[in-house]
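The values are calculated or read from the model by the stated rules, or taken from the named source; none is laboratory data. Keep in mind it's a predicted model, so treat the numbers as computed, not measured. We place every Cβ from the backbone using ideal geometry, glycine too, and count neighbours over all the protein chains shown.
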Amino acid sequence: MPGFTPGRRWQPPYYPFKKEPLGLRLLEWVERATKGPMFGCRMCGNCLLQETAFICPMECPKGLRNGPCGGSTKEFCYVDETRPCIWYKIYDRAFRMGRQEILMEVLPPLDWNKTGGETWGDVVHQIGKVGTGKVISGLLFGDGKKRKETWESVFQPVRQPEWWGGDSQYHAPSYSEPVSELEKRLKAGEFVVTSEVAPPMTVATNKLNSNIALVKPYVTAINFTDAPSASPRMSSWACSALAVQAGAEPVMQIAARDRTRIGLQGEVLGANSMGIKNILCLTGDSMRMAADPRGRMDIVDIDSVQMLWILRKMRDEGKYLDGRSMKFPPKYFLGAAASPFASEPKFQAIREHKKVNAGAQFFQTNLVYDPDRFEIWLNELAKRNILDKVYILVGITPLKNFKVAQYMHNEVPGVTIPTEIMKRMEAAGDNASEEGVQIALELIEAIKTKQGVNGIHLMAVGWEEIVPRIVTESGLLPKDFVPPKDIELKQS
Ligand code: SF4
């Protein structure tokens, strides 16, 4: 096991996609022979060890380079339970070393042109650019501030190529008028409700259309999931376009799992031109959750933080990732998932803060069943001063029966259901669905007044008929609510 990367098991190194001159190949060999035993280096060619507390993040099976996924725990990685979550280890060590704020920088996806190649050459080149004498004197004889500046003058340009330009700053949206109804209502201070409608598993759209019509009067926007649990369904893009046709406002979810940087940019342009104005960026459930035969377990192209960074720059700077300008940039309201119960609240807060800096304007959280623990996470966000920069919609799922509760608790990454709720669901027997609704109503009541909460995101998971009742009984009907009966009368 490599000395500096705990829990690391052997994973194959990357190889260059081109033939390199002998000198470079020798350098690559030396780098691998040195960093391999120390860090388990896989030769990604885009080294981030300085930023990740000297633990290589390329052990993460999803290939994440900007922090943990929503399933991260102290105990193990949810994709491969025989190893620790390497991002938990990185955060843990970064806090112990006082280097946690370094984790805030939005880091680029791999430049595959460099993958398999050495990184020392870039560092040496940059030292030459800064001036070897200046670097040596700055590092050896400077005070703490000077040493840091000198270090950054060498490594910052290496890890942040011009085409990316990532930083640790908050970038406010470049526009002022809301681009969607969801944004408009949130900006106006309205407590909103959004709801998920499950995409169909066939080409038949009757059920989809009737579910859209059913929930539309009760919610501000409707989410369409993007192949949840890594299992294919009708695309979120198509469902969102159908919702627009039906006069409803969609939130299109995009999972990085199934995208490349090229596909992502093309897809949002197409979606935006079809009237889709809310986009939720997710890393996506691991292929580990899929049925056999499984595809690659690793996500190798972009993570959700990188998605936000790319989409924000497309909108606010009118630029593609490769730097080309576009004449008519897209306009959308950008969201991200937040996971209050994964890893530790202070770790997750760094991750959520980074998403806000990258471009997230609203969060829809993973399922919340424990308002007290949820508040700890909210407090961590408050400490980071981000509650005024992002709208938070809290994820609520009414439990239909005890089996569903068990599945959620045991199988869904980042979801924990307190024992007391589990006992209530078990004891309810045939009346379990009613008990599930009562629990959901109690949770909404406990959560809706918490500072920093701007709305509820109902994930009924195939139980859309319950949405009108929960919205009505929780007193969260939209201000301009028109009962469906009256809509029908008007239309007839
Ligand atoms: S739990 Fe998630 S972030 Fe952690 S190593 Fe596994 S896939 Fe990566």
| query | When the stretch 279-301 is examined, which residues are found to be away from the ligand (no atom under 14 Å from the Cβ), surrounded by 16 or more Cβ atoms within 10 Å (Cβ to Cβ), at pLDDT below 95 and among the hydrophobic types (A, V, I, L, M, F, W, C)? | reply | Ala290
| task | Return yes or no: is Thr73 out of contact with any helix residue (DSSP H, G or I) (no Cβ under 9 Å at 6 or more places or on another chain), not assigned by TED's automatic domain parsing to the domain that holds Trp377 and not in a helix (DSSP H, G or I)? | result | no
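Being under 17 Å from Leu107 (Cα atoms) and either buried (at least 22 other Cβ atoms within 10 Å of the Cβ) or not hydrophobic (A, V, I, L, M, F, W, C) (or both) narrows it down to one residue among Gln306, Gln265, Gln253, Gln245; which is it?
Numbers: Gln265 fails: under 17 Å from Leu107 (Cα atoms); Gln253 fails: under 17 Å from Leu107 (Cα atoms); Gln245 fails: under 17 Å from Leu107 (Cα atoms).
Step by step, each of Gln306, Gln265, Gln253, Gln245 is checked, and only Gln306 is under 17 Å from Leu107 (Cα atoms) and either buried (at least 22 other Cβ atoms within 10 Å of the Cβ) or not hydrophobic (A, V, I, L, M, F, W, C) (or both).
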| said: Let me confirm something: among Ser174, Ser180, which residue is in contact (Cβ under 8 Å) with a residue 60 or more places away in the chain and exposed (fewer than 14 other Cβ atoms within 10 Å of the Cβ)? | reply: Ser174
| note | Met38: passes all of (1) of a type in the set (A, V, I, L, M); (2) at pLDDT 90 or above; (3) more than 10 Å from the ligand (Cβ to nearest atom) but (2)
| said: One residue is enough: does the stretch 23-40 have a residue meeting the conditions out of contact with any Ser or Thr (no Cβ under 8 Å at 6 or more places or on another chain), assigned to a loop (DSSP other than H, G, I, E, B) and buried (at least 16 other Cβ atoms within 10 Å of the Cβ)? | reply: no
| field | Any hit, the stretch 50-69, residues being away from the ligand (no atom under 16 Å from the Cβ) and either assigned to a loop (DSSP other than H, G, I, E, B) or more than 27 Å from the chain's Cα centre (by Cα) (or both) | value | yes
| request: Tell me which of these Ser72 doesn't satisfy, since it passes every other one: (1) free of Cβ contacts under 8 Å to residues at least 60 places away in the same chain; (2) crowded, with 24+ Cβ neighbours inside 10 Å; (3) within 10 Å of the ligand (Cβ to nearest atom); (4) not hydrophobic (A, V, I, L, M, F, W, C). | output: (1)
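Taking the stretch 90-103 as the search range and keeping residues that are of a type outside the set (Gly, Ala, Ser) and buried (at least 21 other Cβ atoms within 10 Å of the Cβ), which one is farthest from the ligand (Cβ to nearest atom)?
Step one: filter the stretch 90-103 for residues of a type outside the set (Gly, Ala, Ser), giving 90-93, 95-97, 99-103.
Okay, now just the ones that are also buried (at least 21 other Cβ atoms within 10 Å of the Cβ), so 90-91, 103.
Details: Ile90: 9, Tyr91: 10, Leu103: 13 Å.
Checking each candidate, the answer is Leu103.
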| said: I'd like to check something: does the stretch 129-147 contain any residue that is touching a Pro at 6+ places or on another chain (Cβ under 8 Å), in a helix (DSSP H, G or I) and polar (S, T, N, Q)? | reply: no
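Return the only residue of Asp292, Asp322 being touching a residue at least 12 places away in the same chain (Cβ under 8 Å) and farther than 15 Å from Met252 by Cβ. Let's see the steps before the verdict.
Numbers: Asp292 fails: touching a residue at least 12 places away in the same chain (Cβ under 8 Å).
Going through Asp292, Asp322 in turn, just one is touching a residue at least 12 places away in the same chain (Cβ under 8 Å) and farther than 15 Å from Met252 by Cβ: Asp322.
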